Amino acid sequence: MHPLSQLDHRYVWHPFTQMRDWLKREPIVIVSARGARLRDANGREYLDGNSSIWTNLHGHRHPQITRAIERQLRKIAHSSALGLANEPASLLAEKLVDAANPRICDGRFALGQSAAPRIGQSKDVNRRLAKVFFSDDGSTAMEVALKLAYEFARRTRGLQKPKFLSLKSAYHGDTVGAVSLGHIDRFHHAYAGLLFKSDSVMAPYCYRCPFNRARPERADAREYRRCHWECVSQVEHRFATQQKRDNPYAAMVVEPRVQGAAGMIPQPAGWLDRVSQIARAHHAQLIADEVMTGFGRTGAQPVLPSDGPAIPANARANRKGTKPVRDSREAGPALFACHHEGVQPDFLAVAKGLTGGYLPMAATLTTREVFEAFLGEYEEFKTFFHGHSFTANQLGAAAALASLELLQSPASVGARAKVEETLRHELPSLWSAPNVGDIRQVGLVAGIELVKDWRTREPFDRRERAGIRVCEAMARRGVLTRPIDNVVVLMPPYCSTAAQVCQMVEALDGAVRDTLGPRKRKPG
């Protein structure tokens, strides 16, 4: 065993890892990387199949981000944000506000430039994200949004005990408040005694939806679903019931377009727009958890003009009266998932890809209305009493500024579109494997759900460790990723070449067939 592996076994406790299993085998110790490739302590190379747990946007050791950090190091690495401001954080806040307030200009998507956005339906035209609160990671970004929404509801709506609604199988982080918003038992049950109660409502999980009357097909379940939008009706019922109890929801919390830790569960087109309108009708705020989905991860689709969200042709019958959608060539790419359906939240939580995967940093964006609810005289104690030692860290802000510049460059836009298109072309090859039940792609995110038999959708028992075994077999083929139970995630860095994306899909295909396919009988 490599000396570094021995040190790891002796001293390190890994997150979300059953350490008894971990200690049975030698770990892969990563020592260097370049672009989409990682190298371990034994000199073996791997493709980074999940962007280093969904954080690395542009590839490892990107020269532009590296230079930005080096320049900042020659000035200062960190100073406190308590009572002091700093240069890169101030510049970054301006850039984030611009990026979070898109508008349609001459029929094309453009950055905010401090102009009021023209997003989606009229409900969101004047909802402008104007203030940025920096923190350290996705959990703390959500904690900030939760605390701000809680106190805002108390101060402006007179709610004594503000309540929150989120989706079943939701995961919003590991701090106590963020855990309270989540509904994945294996992550959250052990801490039940520490948590406040939040309500949940069904997620639009088309592949396993009890209301979907369609029989399994070899296609993304969203494409052939047969339903009456019961998932939306359930949200409406939840809001109405809570209203009758005279304790309306303060906010609804959602990962736009796709739930990450739930198993890469994608929402059918139109769902986000519909539920956001329900929340608005009940005067609830909308908290968008874009920790995973932000910064171009959900694809190169355009910000939609005010005609409303695009609905797939096979789903149009479920939404009669939808106005024609303009040609997607009239608009440019959105950096945030909620803008794909013209939805502007009251709180936008970002992290992971904020610095391009270089340094831990997060931000929570909100409206001036929320900000002003915390203004007052010193003795009124309206201050937002929350903070972190490394809030607005200069190195993180410098990396984030460089990452945003890259994201907005034509080269990056083209690279993202190429990776997305290559995935869309290559993933269908997996349908020939009988243990592939559903392939769901949202932009540059893909979740492949493994089942015992695609015809019945019968899942593997968790004790069979199907997803883990497949990912271990992928590692032997030179591709690293991590499963979510029986769902294998592919989320390539934006710099990945078409050949590298093809290699990722081929490794998954071979791993599924070798690991889960029919066992060959021994001769004799």
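If you look at the Cα atoms of the chain, you get an Rg and a Dmax of 22.9, 87 Å. Taking max minus min of the alpha-carbon positions on each principal axis, the range 131-229 gives extents of 48, 31, 29 Å, largest first.
Surface composition of the chain: carbon plus sulfur atoms contribute 52% of the solvent-accessible area (1.4 Å probe, protein chains only, all chains present).
In the neighborhood of M361, defined by Cβ-to-Cβ distances under 9 Å, what is the net charge if each Lys or Arg adds +1 and each Asp or Glu adds -1? That works out to -2.
Rounded to the nearest 20, the size of the Cβ-charge dipole of the chain about its Cα centre is 1320 debye, with Lys and Arg at +1 and Asp and Glu at -1. Using the alpha carbons alone, the radius of gyration of the range 428-486 stands to its Kirkwood radius in an Rg to Rh ratio of 0.96. Coordinate range of the alpha-carbon atoms in the range 155-303 per principal axis, descending: 49, 32, 32 Å.
Is the range 187-253 best put as rounded, prolate or oblate by its Cα gyration tensor, with a ≥ b ≥ c the root eigenvalues, rounded for a/c under 1.5, and otherwise prolate when a/b is larger than b/c, oblate when not? Verdict is oblate for the range 187-253. Extending 7 Å from the Cα toward the beta-carbon at both E369 and H283 defines two label points whose distance is 1.1 nm.
Multiplying each eigenvalue of the alpha-carbon gyration tensor of the range 1-112 by 5 and taking the square root yields semi-axes of 37, 20, 16 Å, largest first, rounded to whole angstroms. Take every Cα pair under 8 Å in the range 126-227 that's 6+ residues apart, average their separations, divide by the length, and report that relative contact order as a whole percent. For the range 126-227, the relative contact order is 20 percent. For the pair R208 and R462, the difference between a 0.36 nm per residue extended length and the Cα-Cα distance amounts to 89.8 nm. Mean silhouette area of the range 369-524, derived from the convex hull of its C-alpha atoms and averaged over all directions, reads 16.1 nm².
Note on Y224 and R20: their simple-model spin labels are 4.1 nm apart, each label 7 Å out from Cα toward Cβ. Inter-label distance, E379 to R157: 3.2 nm, where each label sits 7 Å from its Cα along the C-beta direction. Identify the residues of the range 489-513 with backbone N under 19 Å of a label point that sits 7 angstrom from the Cα of R44 along the Cα-to-Cβ direction, or state none. Counting backbone N atoms under 19 Å from the label point, the list is 503-513. Computing FRET efficiency as 1/(1 + (r/R0)^6) for S432 and H78, where r is the C-beta to C-beta distance and R0 is 51 Å, gives about 0.45. Residue separation times 0.36 nm, minus the C-alpha to C-alpha distance between D453 and V29: what's the value? My answer for the length gained is 149.1 nm.
When each of the peptides 10-20, 356-366 is scored by the mean number of other C-beta atoms lying within 10 Å of its residues, the order from highest to lowest reads 356-366, 10-20.
Solvent exposure of the chain, expressed per residue, is 46 Å² of accessible area, with all protein chains present and a 1.4 angstrom probe.
Please compute the net charge surrounding T140, taking Lys and Arg as +1 and Asp and Glu as -1 over other residues with Cβ under 11 Å from its Cβ. With Lys, Arg at +1 and Asp, Glu at -1, the net is -3. Computed over neighbours whose Cβ is under 12 Å from that of Y494, the net charge equals +1, Lys and Arg +1, Asp and Glu -1. Packing here is the average count of other Cβ atoms within 10 Å per residue, and on that basis the peptides 490-498, 22-30, 392-400, highest first, run 392-400, 490-498, 22-30.
The values are calculated or read from the model by the stated rules, or taken from the named source; none is laboratory data. Being a predicted model, the structure only gives us computed values, none of them experimental. Quick reminder, even Gly has a Cβ in these numbers, built from the backbone with ideal geometry, and neighbours come from all protein chains shown. Surface accessibility is based on the protein's heavy atoms, side chains included, excluding ligands, DNA and RNA. Shrake-Rupley method; radii C 1.70, N 1.55, O 1.52, S 1.80 Å.
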